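Here's the structure we're looking at; comments come further down.
The values are calculated or read from the model by the stated rules, or taken from the named source; none is laboratory data. Note that the structure is a prediction, hence the values are computed from the model and not measured. Note: ideal-geometry Cβ built from the backbone for every residue, glycine included; neighbour counts use all protein chains shown. Please note that ligands, DNA and RNA were not included when accessible areas were found on the heavy atoms of the full protein model with its side chains. Shrake-Rupley method; radii C 1.70, N 1.55, O 1.52, S 1.80 Å.
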Amino acid sequence: TPTATIAVQPGSNPCNGQSFNLILSNTATGISPFDLTINGNTYSDIAPGALITTFTPPTEKLWPGAPGVVPPTNEDASVTLGVKFKSSVSGYVKGVRFYSSDDAALAPGTYTGQLWSSDGTLLASGTFSNVTSSDWQELVFTTPVLISANTTYVASYHTDGTKYVGTTGGFSASTTNGSLTALDNVSSGGNGVYAYGSAASFPGHSVGANYWVDVM
């Protein structure tokens with residue numbers, strides 16, 4: 001069975017994370033109509049020139065699954081916790097997520113998420129809802145944010161519930177998954193960033209701990 005990779009044409013604008021249509025171009029081989037499988041979705045009886053509708057691109061994350069060792073819950077003052085990251089390609093950030101403490105569902109407080117440029121400019125923010133304990137919590141921004149390749153950004157979340165998880169020395173080495181890389185402490189000037197305060201603020205301090213903040 002032939003396989004192919006779908007990619008944006010040079011000079012074209014990429015999709016901003018929403019679904020789009022594809023058109024099957026003409027072919028000199030094979031007998032149409034064709035059955036196509038795209039990322040596990042099957043489209044039957046597609047003729048050359050016909051539309052393939054509502055194809056949704058995949059989402060990449062720094063941490064695709066649960067942490068190998070569940071990080072311990074810590075108690076502290078209200079704080080913004082974040083991670084510095086880069087993407088090897090330009091693309092759209094549609095949201096952020098974090099791994100919650102073991103009593104997040106019971107602890108009082110509000111959780112908000114942010115995306116920042118490296119100079120502290122707030123690019124997007126929102127509020128998490130239906131937060132559960134010891135699991136990934138996801139926030140989708142109202143509008144996706146276009147980021148540039150090989151440029152440092154910061155994904156963060158703020159908790160006023162005073163509980164968070166963290167792994168000491170979590171950024172002694174960088175972590176790469178797909179096009180995304182969480183930077184190591186040396187090359188980034190310190191990762192595992194934080195800032196204390198009753199409201200979210202740019203996390204400019206670092207102790208090198210992994211606070212399990214992620215980007216989508």
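If Asp102 satisfies all but one of (1) under 16 Å from the mean Cα position of the chain (by Cα); (2) in contact (Cβ under 8 Å) with a residue 12 or more places away in the chain, what's the number of the condition it fails?
(1)
If I ask for residues that are at pLDDT below 95, among the small types (Gly, Ala, Ser) and open to solvent by 30 Å² or more (accessible area, probe 1.4 Å), which ones from the stretch 174-198 would you list?
Across the stretch 174-198, the qualifying residues are Gly178, Ser187, Gly189, Ser198.
Checking Thr110 against (1) among the β-branched types (Val, Ile, Thr); (2) touching a His at 6+ places or on another chain (Cβ under 9 Å); (3) within 24 Å of Leu183 (Cβ to Cβ), which test does it fail?
It is condition (3) that Thr110 fails.
Could you identify the single residue in Ser118, Ser156, Ser201 that is crowded, with 17+ Cβ neighbours inside 10 Å, within 18 Å of the chain's Cα centre (by Cα) and at pLDDT 95 or above?
Being crowded, with 17+ Cβ neighbours inside 10 Å, within 18 Å of the chain's Cα centre (by Cα) and at pLDDT 95 or above holds for just one of Ser118, Ser156, Ser201, which is Ser156.
Pull up the stretch 129-142, narrow it to residues that are in contact with a Lys or Arg (Cβ under 9 Å, 6 or more places away or on another chain) and open to solvent by 20 Å² or more (accessible area, probe 1.4 Å), then point me to the one that is nearest to Arg97 (Cα to Cα).
Glu138
Suppose we filter Pro2, Pro10, Pro64 for residues that are modelled with pLDDT of 80 or more and open to solvent by 60 Å² or more (accessible area, probe 1.4 Å); which single one remains?
It is Pro64.
Of the residues Gly109, Gly95, Gly30, which is out of contact with any helix residue (DSSP H, G or I) (no Cβ under 9 Å at 6 or more places or on another chain) and open to solvent by less than 40 Å² (accessible area, probe 1.4 Å)?
Checking each option against the conditions leaves just Gly95.
Working carefully through the options Thr151, Thr176, Thr142, find the one that is in a loop (DSSP other than H, G, I, E, B) and farther than 22 Å from Thr73 by Cβ. Walk me through it before giving the result.
Values: Thr176 fails: in a loop (DSSP other than H, G, I, E, B); Thr142 fails: in a loop (DSSP other than H, G, I, E, B).
Residue meeting the stated conditions: Thr151.
Criterion first (outside any strand (DSSP E or B), of a type outside the set (D, E, K, R), out of contact with any Cys (no Cβ under 7 Å at 6 or more places or on another chain) and open to solvent by 30 Å² or more (accessible area, probe 1.4 Å)) does Leu123 satisfy it? Step through it out loud before you land on a result.
Working: outside any strand (DSSP E or B): no; of a type outside the set (D, E, K, R): yes; out of contact with any Cys (no Cβ under 7 Å at 6 or more places or on another chain): yes; open to solvent by 30 Å² or more (accessible area, probe 1.4 Å): yes.
Judged against the criteria, Leu123 is not a match.
Take Thr151 and tell me if it is surrounded by fewer than 20 Cβ atoms within 10 Å (Cβ to Cβ), of a type in the set (Val, Ile, Thr) and in contact (Cβ under 8 Å) with a residue 12 or more places away in the chain.
Yes; evaluated as a whole, the condition is true for this residue.
Quick one: how many residues across the stretch 197-216 are among the aliphatic types (A, V, I, L, M) and part of a strand (DSSP E or B)?
Number of matching residues: 2.
Hey, can you tell me all the residues within the stretch 69-92 that are more than 15 Å from Asp184 (Cα to Cα) and among the β-branched types (Val, Ile, Thr)?
Passing the criteria: Val69, Val70, Thr73, Val79, Thr80, Val89.
Return yes when Ala50 is out of contact with any Asp or Glu (no Cβ under 7 Å at 6 or more places or on another chain), open to solvent by 60 Å² or more (accessible area, probe 1.4 Å) and either closer than 20 Å to Lys94 by Cβ or modelled with pLDDT of 75 or more (or both) and no when it is not.
no
List every residue pair whose Cβ atoms sit under 7 Å apart, with the two residues 6 or more apart in sequence or on different chains, where the first one lies in the stretch 60-83 and is in contact (Cβ under 8 Å) with a residue 12 or more places away in the chain and more than 15 Å from Gln137 (Cα to Cα) and the second, anywhere, is among the polar types (S, T, N, Q) and open to solvent by 80 Å² or more (accessible area, probe 1.4 Å).
Ser78/Ser198
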